[in-house]
Amino acid sequence: MSPTAIIVLIVVILLALAAIAFGAQAVRRRRLQRTFGPEYDRVVADTGNRTEAERELLERTKRHAQLELKPLTAESRAKYSAAWEEVQIRFVDSPKEAVETADELVTRLIADRGYPTGDYDDRLANLSVEHAATLEHYRNAHEISLRSKNDEAGTEDLRQALVHYRALFADLLGEDPVAGAAPAPRSATEDTTTTDATTAERSATETPAPDPGVAPSRPDATSR
């Protein structure tokens with residue numbers, strides 16, 4: 001074989017290897033994008049380097065594969081659903097306390113599913129492999145919860161936090177814990193209206209007492 005033919009053969013081989021490597025990279029990229037969804041773009045933006053970001057996501061996948069995840073029993077799902085319903089009911093009168101309870105409940109559910117719950121960032125990384133679609137909800141809820149502890153979150157913020165927590169909670173649970181939207185907190189006007197309505201209803205059903213010094217009326221003969 002002539003030197004020219006050998007050079008051509010080497011070039012062809014190198015091009016073929018490059019095509020194979022490029023194709024493998026493209027397949028890996030599509031798989032990561034499909035697995036992590038919006039989290040893929042977030043990590044790329046945070047690192048500023050696509051190759052470094054994909055390396056990080058691959059590491060997450062490897063760590064996730066080592067976890068001993070377990071599904072919930074039907075009894076456990078029912079208990080969690082009932083607990084979440086109590087959180088929503090509590091929110092009406094105590095929004096801040098309800099959000100704190102929701103955070104604790106979500107953390108407990110994460111642990112029961114087999115995820116480590118020690119470090120918040122590690123928790124996000126582990127959840128991102130199978131729950132990337134609702135991970136941003138968790139971030140938003142956690143951020144509002146931190147502000148709430150410093151009394152920097154309003155009532156509407158707390159309602160949004162509950163909605164965000166519920167999204168991840170339902171994803172981990174595998175079903176919607178409670179039908180319907182998050183409740184609105186009870187306002188002072190509603191309390192007054194409820195009290196007035198109750199008083200009016202009670203007054204309508206009670207027999208009014210006679211005025212002092214006036215004898216009660218007696219039915220006449222025609223009414224008997």
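The values are calculated or read from the model by the stated rules, or taken from the named source; none is laboratory data. Since the model is a prediction, treat every value here as computed from it, not as a measurement. Neighbour counts are summed over all protein chains in view; Cβ atoms, including those assigned to glycine, are modelled from backbone coordinates with ideal geometry. Ligands, DNA and RNA are excluded from the accessible area calculation, which covers all protein heavy atoms including side chains. Shrake-Rupley method; radii C 1.70, N 1.55, O 1.52, S 1.80 Å.
Here are a few things to note about the model shown:
- For ALA45 and ASN150, the FRET efficiency from 1/(1 + (r/R0)^6), where r spans their Cβ atoms and R0 equals 25 Å, is about 0.35.
- Surface accessible to a 1.4 Å probe, PHE169 within the full protein complex, Å²: 0 Å²
- ILE6 versus ASP121: modelled label distance in nm, points set 7 Å from Cα along the beta carbon direction: 5.3 nm
- Largest accessible area first, the listed residues ARG147, ARG139 line up as ARG147, ARG139 when surface is computed with a 1.4 Å probe on the assembled protein chains.
- With 0.36 nm allotted per residue and the present C-alpha distance subtracted, the GLU56-ALA74 stretch has 3.0 nm of extension available.
- Rounded FRET efficiency, nearest 0.05, which uses the C-beta distance separating VAL163 from ARG139 and R0 of 22 Å: 0.95
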